[in-house]
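Below: the structure, in C-alpha cells.
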Amino acid sequence: MGNLYKYIKVDRDLCIGAASCIAVYPEIFELDEENKAVLKIKDGAKTSDKSEIKVLSVESVDDDKLLLAAQSCPTAAIYLYSEDGSQLYPEG
C-alpha cells in the first residue's frame, strides 16, 4: 500500500524552530545548526528541500503521524504533496 503523501518540504523562511514536528515524529525531523527543522534522509543527509517521502530515514512513513507533525507546526512550515505534485497540506 502506498502513501497518501508523495513529497514533503520544510519552508526554512517560515520555520521558527518550535520543534513540535520533532516531538510528533522524531524519526523524520530534527533541528539543524540554525535551529530550523530538517528532514532526515536515508543516507544520513539532512534537507529541507522538497523530497520524496521514500527517501526519508524510516522504513515506512505513517501518513497520519506525518500529517499530525505538519499540523503541529505553529507557522505551517511543513508542506505535504500528492503524487502529481498538488499541495495537500496546508490547503492552498
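Listed values, structure above:
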{"read-out": "Subset of segment 1-36 [in a loop (DSSP other than H, G, I, E, B) and within 14 Å of Ser57 (Cα to Cα)]", "value": "Tyr25, Pro26, Glu27, Ile28"}
{"read-out": "Subset tally (residues that are within 10 Å of the chain's Cα centre (by Cα) and closer than 18 Å to Gln87 by Cα) for segment 11-38", "value": "1"}
{"read-out": "Failed condition for Pro74, given (1) over 10 Å from the mean Cα position of the chain (by Cα); (2) without any contact (Cβ under 8 Å) to a residue 24 or more places away in the chain", "value": "(2)"}
{"read-out": "Enumeration of residues in segment 28-52 that are closer than 19 Å to Pro90 by Cβ and either among the hydroxyl-bearing types (Ser, Thr, Tyr) or at pLDDT below 95 (or both)", "value": "Ser48, Ser51"}
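Residues checked against (1) without any contact (Cβ under 8 Å) to a residue 24 or more places away in the chain; (2) in contact with a helix residue (DSSP H, G or I) (Cβ under 9 Å, 6 or more places away or on another chain); (3) under 15 Å from Thr75 (Cα atoms); (4) among the small types (Gly, Ala, Ser):
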residue	(1), (2), (3), (4)
Lys6	no, yes, no, no
Lys9	no, no, yes, no
Val24	no, yes, no, no
Glu30	yes, yes, no, no
Glu33	yes, no, no, no
Lys50	no, no, no, no
Ile53	no, yes, no, no
Ser57	no, no, no, yes
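The values are calculated or read from the model by the stated rules, or taken from the named source; none is laboratory data. Only a predicted model underlies this, so the values are computations on that prediction, with no experimental measurement involved. Note that we place each Cβ from the backbone using ideal geometry, even for glycine, and neighbour counts take in every protein chain shown.
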